[in-house]
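Peer 1: Right, I'll just put the structure down here and ask away after.
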Amino acid sequence: MLRIDDTITLEDWEMTESFIRASGPGGQNVNKVATAVELRFEAARSPNLPVQVKNRLRRIAGRRWTEDGAIVLKVDETRSQARNREIARTRLVDLIREAAVAPKPRRPTRPTPGSIRRRLDSKTRRGAVKALRGPVDDET
């Protein structure tokens with residue numbers, strides 16, 4: 001069981017971990033030991049996540065969200081299988097915590113009279129500069 005916050009906890013059946021061989025340096029260890037972890041969380045089927053959190057989680061997860069509604073996290077940062085497993089679980093918790101926070105609603109504001117006046121003054125000055133760029137009369 002994985003605890004996210006006071007209201008959200010994930011059951012073990014919602015997550016599956018598979019261990020695969022990591023890429024990159026590591027000598028013979030890389031060829032022999034499956035240290036990288038691939039954590040799969042069935043987010044769409046999870047009864048513990050509210051619908052709003054699932055929708056935000058889908059947007060936040062991006063490419064990690066699969067077509068069947070699962071989040072797949074692959075971690076191969078360290079040579080330790082246990083440490084990679086911890087990192088993957090921490091990343092999943094961080095993702096869900098970020099999705100659990102509802103965004104603040106945007107309140108439309110109006111420009112102040114001073115900012116309107118400044119904008120129009122700058123437009124007038126710029127127009128005057130451009131008006132002076134015309135062809136020059138030869139009256140001499």
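Peer 1: If Lys104 satisfies every condition in (1) exposed (fewer than 14 other Cβ atoms within 10 Å of the Cβ); (2) modelled with pLDDT under 90; (3) not hydroxyl-bearing (Ser, Thr, Tyr) but one, which is the exception?
Peer 2: Here Lys104 meets the rest and fails (2).
Peer 1: When both residues are 6+ apart or on different chains and their Cβ atoms are under 9 Å apart, which pairs have a first residue that lies in the stretch 42-66 and is farther than 18 Å from Ala102 by Cα, and a second that is among the polar types (S, T, N, Q) and surrounded by fewer than 16 Cβ atoms within 10 Å (Cβ to Cβ)?
Peer 2: Glu42/Thr16
Peer 1: Another question, if that's okay. Go through the stretch 92-109 residue by residue and tally those that are of a type in the set (A, V, I, L, M, F, W, C) and free of Cβ contacts under 8 Å to residues at least 24 places away in the same chain. It would help to see each step written out before you state the result.
Peer 2: Here is the first cut: in the stretch 92-109, the ones of a type in the set (A, V, I, L, M, F, W, C) are 92-93, 95-96, 99-102.
Adding the requirement that they be free of Cβ contacts under 8 Å to residues at least 24 places away in the same chain leaves 101.
Final tally of qualifying residues: 1.
Peer 1: Here's a follow-up. Among the listed residues Arg85, Arg40, Arg45, Arg79, identify the single one that is in a helix (DSSP H, G or I), among the charged types (D, E, K, R) and at negative phi.
Peer 2: Result of the check over Arg85, Arg40, Arg45, Arg79: Arg85.
Peer 1: A further question on this structure: Can you tell me which residue in the stretch 34-48 is farthest from Gly69 (Cα to Cα), limited to those that are under 18 Å from the mean Cα position of the chain (by Cα) and not small (Gly, Ala, Ser)?
Peer 2: The extreme case among them is Leu39.
The values are calculated or read from the model by the stated rules, or taken from the named source; none is laboratory data. Note that this is a predicted model, so its numbers are computed, not measured. Positions of Cβ are generated from backbone atoms using ideal geometry, with glycine treated the same way; all protein chains shown enter the neighbour counts.
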